[in-house]
1. Please work out if THR148 is at negative phi and buried (at least 19 other Cβ atoms within 10 Å of the Cβ).
2. Can you say whether ALA220 is among the small types (Gly, Ala, Ser) and either crowded, with 24+ Cβ neighbours inside 10 Å or within 9 Å of the ligand (Cβ to nearest atom) (or both), as far as the supplied structure shows?
3. Go through segment 330-369 and give me each residue that's within 20 Å of LEU20 (Cα to Cα) and more than 14 Å from the ligand (Cβ to nearest atom).
4. Just one of the numbered conditions (1) more than 23 Å from SER21 (Cα to Cα); (2) surrounded by fewer than 24 Cβ atoms within 10 Å (Cβ to Cβ); (3) touching a Gly at 6+ places or on another chain (Cβ under 8 Å) is not true of TYR136; which one?
5. If you take the residues in segment 133-175 that are of a type in the set (Val, Ile, Thr) and within 16 Å of the ligand (Cβ to nearest atom), which one is nearest to the chain's Cα centre (by Cα)?
6. Checking VAL344 against (1) in contact (Cβ under 8 Å) with a residue 60 or more places away in the chain; (2) β-branched (Val, Ile, Thr); (3) out of contact with any Leu (no Cβ under 8 Å at 6 or more places or on another chain), only one condition comes out false. Which one?
7. Here is a check on your reading of the model: is GLU322 closer than 28 Å to THR100 by Cα, within 13 Å of the ligand (Cβ to nearest atom) and either of a type in the set (Val, Ile, Thr) or surrounded by fewer than 24 Cβ atoms within 10 Å (Cβ to Cβ) (or both)?
8. In the list ASP258, ASP292, ASP296, ASP250, which residue meets the criterion of being surrounded by 18 or more Cβ atoms within 10 Å (Cβ to Cβ), within 28 Å of GLY340 (Cβ to Cβ) and not hydrophobic (A, V, I, L, M, F, W, C)?
Amino acid sequence: MSEKLSFVTPTANSPWGTYLSQVDRVVPYLGPLARWVETLKRPKRALIVDVPIEMDDGTIAHFEGYRVQHNMSRGPGKGGVRFHPDVTLEEVMALSAWMTIKTAAVNLPYGGAKGGIRVDPKKLSLQELEKVTRRYTSEIGIIIGPHTDIPAPDVNTNAQIMAWMMDTYSMNVGGTATGVVTGKPLHLGGSLGRVKATGRGVFVTGREAARRLGLDLRGARIAVQGFGNVGSVAAELFAEAGAKIVAVQDHTGTIVNDKGLDLAQLVPISRTDGVVGFKAGGDIVPNEDFWDIACDILIPAALEGQLTADRAKKTTAKLVLEGANGPTVPQADDILAERGVLVVPDVICNAGGVTVSYFEWVQDFSSFFWDEDEINVRLDRIMMNALNQIWDTADKHKITLRTATYAVACERILMARQERGLYP
Ligand code: NAD
């Protein structure tokens, strides 16, 4: 008897459409909790804000910003902020929903939220970037807070932007509120290990998946799409474990080297010139060639919707590690499953970032900070426990790891919903 949402028209492969189909697949495993499932198909709250700033040349520019709180049944909203020219309300809705599933999958006491601004930050000066960040933070300030909704970095946002967000929120409430965002600089309540946490989680879950597949990481061939915070750190950790990074793609193009790319040189060059800046270390090939490169492990770590049905048919990988959120469209998921390619889904594979964000938030409240070893040990333990539980569920029901992750997470979320009851 519920009405369809009027403000979004998802298609089969759009981010929100992808999310809805992932939820539909889990319904048979929810038992009596299935009566609450509609709550997962609509965001609790979605805010659209105008972000006007005065540009360096004196003109006034307006940008569209969003903050979506998908579900808060298990705790405050948690999720990053993305600055990208293609950001839409629908995309932010899907990303917020994936945060709900992710925080529940690793059993953190959070709900799911996400934010974004439709802006190309590469076209802004540093001053303009700060103005956009501060005005956006002020506009969404009515719904975020250390106990209500805690933003973090995502695509094109970083520790400096988190520092501006923390400062703006703090100025508005009249006291330093470090716990309002995570991913902050270390001396402003940030946590050791946060920058590398997502890439590390991709590595930890990937290493375990490879072990279960009988795939030796030494000499394994890996292709990585997206060479930012997530992709580059995961690549470095796999290379340290003996794997060869044979192809890397970012927004500037694709570079391949059959013998393995030299990451010590590629990583710093990619930060300024993109991966194509490392021409001396490999061959630049057309972007579409990335998807059928001979590899054992494929790590999509850029944006959603990249692993399409056609690309799923082509890939030679035995294992896909979803560093990005929502990189695989549902049809591609089915093709990979039919072809026997194991997919470690985003909602567990890239949960390392939100897990250390949780550690950061806890440390901010207690004003007591842990050393990096302690962070990494706790991170690895949480990731491995979550993955093992999900794997058991997958084995029990003979379902994919994605559906198993949704089964574990949705049960926790909907149980919380049922026990809290409906207000009023
Ligand atoms: P980032 O901004 O550091 O890096 C993004 C990378 O993707 C860059 O290398 C960029 O060049 C590349 N890219 C952008 N558009 C591309 C395109 N069309 N084709 C190929 N490459 C392209 O972002 P990030 O933090 O590494 O995030 C990457 C993904 O991981 C996103 O889906 C994000 O939501 C997800 N994620 C990030 C975190 C985190 O802690 N940063 C946590 C969980 C999930």
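The values are calculated or read from the model by the stated rules, or taken from the named source; none is laboratory data. Please read these numbers as outputs of a predicted model, since none were measured by experiment. Neighbour counts are summed over all protein chains in view; Cβ atoms, including those assigned to glycine, are modelled from backbone coordinates with ideal geometry.
1. Working: at negative phi: yes; buried (at least 19 other Cβ atoms within 10 Å of the Cβ): no.
No: the conditions fail for THR148.
2. On the way: among the small types (Gly, Ala, Ser): yes; either crowded, with 24+ Cβ neighbours inside 10 Å or within 9 Å of the ligand (Cβ to nearest atom) (or both): no.
Considered against the rule, which asks whether it is among the small types (Gly, Ala, Ser) and either crowded, with 24+ Cβ neighbours inside 10 Å or within 9 Å of the ligand (Cβ to nearest atom) (or both), ALA220 comes out as no.
3. Those that are within 20 Å of LEU20 (Cα to Cα) and more than 14 Å from the ligand (Cβ to nearest atom): PRO330, GLN331, ALA332, ASP333, ASP334, ILE335, LEU336, ALA337, VAL343.
4. (2)
5. The first filter runs over segment 133-175 and keeps only residues of a type in the set (Val, Ile, Thr), leaving 133, 137, 140, 142-144, 148, 150, 155, 157, 161, 168, 173.
Subset that is within 16 Å of the ligand (Cβ to nearest atom): 133, 150, 155, 157, 161.
Values: THR133: 20, ILE150: 15, VAL155: 9, THR157: 13, ILE161: 17 Å.
If we take residues in segment 133-175 being of a type in the set (Val, Ile, Thr) and within 16 Å of the ligand (Cβ to nearest atom), then VAL155 is nearest to the chain's Cα centre (by Cα).
6. The failed condition is (3).
7. Numbers: closer than 28 Å to THR100 by Cα: yes; within 13 Å of the ligand (Cβ to nearest atom): yes; either of a type in the set (Val, Ile, Thr) or surrounded by fewer than 24 Cβ atoms within 10 Å (Cβ to Cβ) (or both): no.
Criteria not met by GLU322.
8. On the way: ASP258 fails: surrounded by 18 or more Cβ atoms within 10 Å (Cβ to Cβ); ASP292 fails: surrounded by 18 or more Cβ atoms within 10 Å (Cβ to Cβ); ASP250 fails: within 28 Å of GLY340 (Cβ to Cβ).
Of the residues listed, the single one that is surrounded by 18 or more Cβ atoms within 10 Å (Cβ to Cβ), within 28 Å of GLY340 (Cβ to Cβ) and not hydrophobic (A, V, I, L, M, F, W, C) is ASP296.
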